[in-house]
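Everything below concerns the one structure shown next.
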Amino acid sequence: MLLEPGRSVAVVELSVPLEALPDSQVESGSPLAGAVALTEVGGVEVGVWEHTPGVSTDVEVDEVFVVLSGRATIDFTDGSAPALVVGPGSIVRLAEGQTTRWTVTETLRKVYIA
């Protein structure tokens, strides 16, 4: 793990390997995404996730995240919540099974707890 007790990680500068999303998840553009797990606390993973501009869909896991940089609109395509516009400083709670559409307009980087 990158984040050991008594240590810190500069997550804004952390290199996150990005890959193309599966065609079945891409609605427009050519977004790339990737994640780096930092540590585990009480059986819960903490990491950094990044998504480049484009529109993609996902089925969510139980998660709380804080946006570090970038901008996006998250539409809940299952009707479970109203659309959210997120940017630096936004904190969001997602529930397992929610279906979402991410319209990323500026590369989004978040710290997640899931």
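For this structure, a couple of remarks:
- Some residue of the stretch 22-29 being surrounded by 13 or more Cβ atoms within 10 Å (Cβ to Cβ), outside any strand (DSSP E or B) and small (Gly, Ala, Ser): yes
- Considering residues of the stretch 5-34 that are under 15 Å from the mean Cα position of the chain (by Cα) and touching a residue at least 40 places away in the same chain (Cβ under 8 Å) only, the residue farthest from PHE65 (Cα to Cα): PRO31
- The strands (runs of 3 or more DSSP E) falling completely within the stretch 66-114 that include 1 or more residues that are free of Cβ contacts under 8 Å to residues at least 24 places away in the same chain map to 84-86.
- Output for the stretch 91-105, where each listed residue is open to solvent by 30 Å² or more (accessible area, probe 1.4 Å) and not β-branched (Val, Ile, Thr): ARG93, ALA95, GLU96, GLY97, ARG101
- Output for the stretch 34-57, where each listed residue is open to solvent by 40 Å² or more (accessible area, probe 1.4 Å), on the phi < 0 side of the Ramachandran plot and not in a strand (DSSP E or B): PRO53
The values are calculated or read from the model by the stated rules, or taken from the named source; none is laboratory data. Bear in mind the structure is a predicted one, so any value in this text is a computation, not a measurement. Cβ sites come from the backbone with ideal geometry, for glycine too, and all protein chains shown count toward neighbours. To get the accessible areas, we keep the full protein, side chains included, count just its heavy atoms, and leave off ligands, DNA and RNA. Shrake-Rupley method; radii C 1.70, N 1.55, O 1.52, S 1.80 Å.
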